[in-house]
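Values in this text are rule-based calculations from the coordinates and carry no lab data. Given the structure is predicted, the values throughout are model-derived calculations rather than measurements. Glycine also receives a Cβ, built like all others from the backbone with ideal geometry; neighbour counts cover every protein chain displayed.
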């Protein structure tokens, strides 16, 4: 096969061998996936969100299929900061994975503690800041719902770490471009979008919510056009690199996000039905580039805004 340049550069030292990553919350800590393929072949492994202390998550049921998608209400279950460092990172280092750690918290102080601690851990390439978490000190509204709180969080975290800081945007805010501009100005190095869209399902027999937490995050093919539009919209508002997320299950989907302005993509829900989906997408992107005679970087932002 021809020598095709799949590399992408997201700035501040985050250079990837190819533009395809796992999506946080869908790939665990990489151990299960490693039974199916060499996870070092991914551009990066984005692990499950990590909080300062372990979290048990929401009550079951926590997953339900929907037309062309899935609702999840996992509740940010994770092993906690210290167990992640001592039990999960040794494996990820041993297989040579490029690791991005998704960071979550209920307060600015918790985010800061996790970021500062992770910055000292060997083998972590970047931090992805999940600003969809509720701010427990400010009435429970997620940090990422408004530009002000989102920017303040990122501004504080920028003082705690020199690592590449990717901020994951919520589609549930009223002005995603405004939040994107605010966190860029506050010191974000890149943006990943979108997180899941809030939704719910009802059992007709019991007349109760299907999910134990009533609402959950909608992901999968149903949200892809929304995610693609938001990537295009945010691309017009900021200069820092973007990572596209939402309903990607084919190489052509990834290429669409890249044409809309994303330098790389994350693949999540599709992994549940096809454990080799990431490798298949990398191969399909490579095949497209062979035919077009381009590099991965050439595709980024190449959208022709005219009809057709």
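Some points to look at:
- Beta bridges assigned by DSSP with both partners in the range 102-251 are antiparallel in approximately 35 percent of cases.
- Averaged over residues, the count of other Cβ atoms within 10 Å places the peptides 155-165, 71-81 in the sequence 71-81, 155-165, highest first.
- Note on the range 7-89: Rg/Rh from Cα positions, Kirkwood definition for Rh, rounded to two decimals, is 1.02.
- Every helix of 4 or more DSSP H residues in the chain counts as -39500 (n - 2.57), and over all residues that averages to -8000 deg cm²/dmol at 222 nm.
- The range 232-292 gives an Rg/Rh value of 1.00, both radii derived from C-alpha positions and Rh following Kirkwood.
- Scaled to the globular estimate 2.2 N^0.38 Å, the Cα spread of the range 215-262, given as radius of gyration, is 1.13.
- By average C-beta atoms within 10 angstrom, highest first, the peptides 289-298, 202-211, 269-278: 269-278, 289-298, 202-211
- Which of 118, 113 has the fewest Cβ neighbours within 10 Å, and the rest in rising order: 113, 118
- 27 Å tail of the calculated P(r), the range 174-308, as % of Cα pairs: 29
- For the range 2-148, the spherically averaged projection of the C-alpha convex hull amounts to 11.4 nm².
- Take the Kirkwood radius over Cα pairs of the range 106-259, plug it into Stokes-Einstein at 20 °C and 1.002 mPa s, and you get 130 µm²/s for translational diffusion.
- Convex hull (Cα only) mean projected area of the chain, reported in nm² to one decimal: 16.1
- Distance (nanometres) between label positions extended 7 Å along Cα→Cβ at residue 233 and residue 185: 1.9
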